[in-house]
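One structure is given here, and the rest of the page talks about it.
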Amino acid sequence: MSKRSLYALALTGAMLPMAANAECGEVSVGEMNWTSGGIITGITAFLLEQGYGCDVTVVPSATTTAITSLAENNEPDIVPELWVNSAPVYFQLAEEGKVIKASDTFSDGGTEHWLVPDYVVEEYPEAATIEGILNNPEAVGGMFHNCPDGWGCRIVSDSLAEALDLEGNGIEVFNHGSGETLAGAMASAYENGEPYFGYYWGPTAPLGKYDMVSVDLGPYKEEIHSCNQDTDCNEVGVSGFPSADVFNVVTADLAEREPEAFELMENITFTNDEMNSLLAWHSDNQASIDEAVVYYLQNNQDQWMSWLSDDARANLEGMF
């Protein structure tokens with residue numbers, strides 16, 4: 001049986017009967033439109049359905065759409081891998097008691113960068129700083145690879161591009177249509193030894209595979225970075241990226257309504273090395289998100305079993 005078939009059967013309950021006393025009801029889970037987000041949502045949905053008997057609906061999402069939906073509609077119930085530094089509305093919702101941080105998605109924290117390949121810096125040392133790139137745009141091929149629409153980093157990078165006048169300094173801003181094309185552009189450039197300059201974040205497979213240098217944008221300035229995140233703020237400026245908080249978030253309603261599901265979300269966390277390794281496997285094997293979920297479940301049973309309640313652990317015992 002293929003891994004995809006195994007995952008599909010598991011999710012439909014064909015392999016495992018639900019616990020007769022399962023009381024979990026309907027739960028919606030947001031699925032971010034990048035690989036790690038998809039994998040974490042897949043793992044979460046599987047554990048909620050097969051371990052806790054929840055009726056799970058997966059909702060395609062992204063940073064800005066997820067936080068907007070939480071603010072306006074109080075849904076989805078669960079948003080794994082929310083990069084809250086790119087979603088400042090989160091802090092207002094948390095203060096109002098509408099959402100709760102269940103856990104750190106990445107125990108080491110996430111990272112955000114504007115990056116160039118190591119070989120570019122070896123040839124043009126000035127490319128390690130934004131001032132050097134602005135003075136020699138040809139060193140990076142005269143192009144900046146920007147975030148896709150809907151990603152929180154797109155707002156910040158657009159603000160930085162405006163503040164730095166990238167276009168006026170001879171650097172075209174190329175807005176990618178998806179995370180796949182952004183990753184593909186980096187991979188293609190690196191594997192062919194070509195210039196590259198663009199945004200990326202970690203933990204991710206590309207940063208585990210390619211030696212990229214984080215461009216020095218100067219110190220992090222909280223007030224400027226906050227403005228750069230806000231589409232209504234006109235005083236954009238230059239600030240480095242802060243260390244990124246990445247949370248698994250639930251609504252207060254979900255925490256009250258489904259306390260066992262909330263307890264599960266409090267336990268789900270990965271180190272950067274663990275996620276980098278999983279993402280590298282996904283990339284190297286040209287696997288689907290579903291196949292990566294199954295690979296994780298098959299090879300990390302001790303970890304995810306430790307997240308579960310006793311009843312949920314009994315429901316899933318021996319499945320893999």
field: Any hit, the range 95-106, residues being without any contact (Cβ under 8 Å) to a residue 12 or more places away in the chain, assigned by TED's automatic domain parsing to the domain that holds Trp307 and surrounded by fewer than 19 Cβ atoms within 10 Å (Cβ to Cβ)
entry: yes
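To keep it simple, each residue is scored yes or no on (1) part of a strand (DSSP E or B); (2) polar (S, T, N, Q).
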residue	(1), (2)
Gly51	no, no
Thr57	yes, yes
Thr65	no, yes
Glu81	yes, no
Tyr90	no, no
Ser103	yes, yes
Leu115	yes, no
Val120	no, no
task: Within the range 207-229, track down each residue that is more than 30 Å from Ser277 (Cβ to Cβ) and either of a type in the set (Gly, Ala, Ser) or modelled with pLDDT under 90 (or both).
output: Gly218, Ser226, Gln229
task: Considering only residues that are closer than 18 Å to Ile289 by Cα and among the hydrophobic types (A, V, I, L, M, F, W, C), look in the range 49-66 and name the one that is nearest to the chain's Cα centre (by Cα).
output: Ala62
statement: Residue hits (the range 72-91; under 19 Å from Cys153 (Cα atoms) and in contact (Cβ under 8 Å) with a residue 12 or more places away in the chain) are Val79, Pro80, Glu81, Leu82, Trp83, Val84, Asn85, Ser86, Ala87, Pro88, Val89, Tyr90
- request: Look through the range 199-219, keep the residues that are among the hydrophobic types (A, V, I, L, M, F, W, C) and touching a Leu at 6+ places or on another chain (Cβ under 6 Å), and return whichever of them is farthest from Asp158 (Cα to Cα).
  value: Ala205
query: Looking at the range 215-236, which of the residues that are in contact (Cβ under 8 Å) with a residue 60 or more places away in the chain and buried (at least 17 other Cβ atoms within 10 Å of the Cβ) is nearest to Pro88 (Cα to Cα)?
result: Gln229
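I need the full set of residues from the range 275-314 which are of a type in the set (Phe, Trp, Tyr) and closer than 25 Å to Pro259 by Cβ, in order please.
Matches in the range 275-314: Trp304, Trp307.
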message: Which count do you get for residues in the range 184-205 that are touching a residue at least 60 places away in the same chain (Cβ under 8 Å) and surrounded by 13 or more Cβ atoms within 10 Å (Cβ to Cβ)?
response: 14
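The values are calculated or read from the model by the stated rules, or taken from the named source; none is laboratory data. Quick caveat, the model's predicted, so the values are computed rather than measured. With ideal geometry, Cβ positions are generated from the backbone for all residues, glycine too; neighbour counts draw on all protein chains shown.
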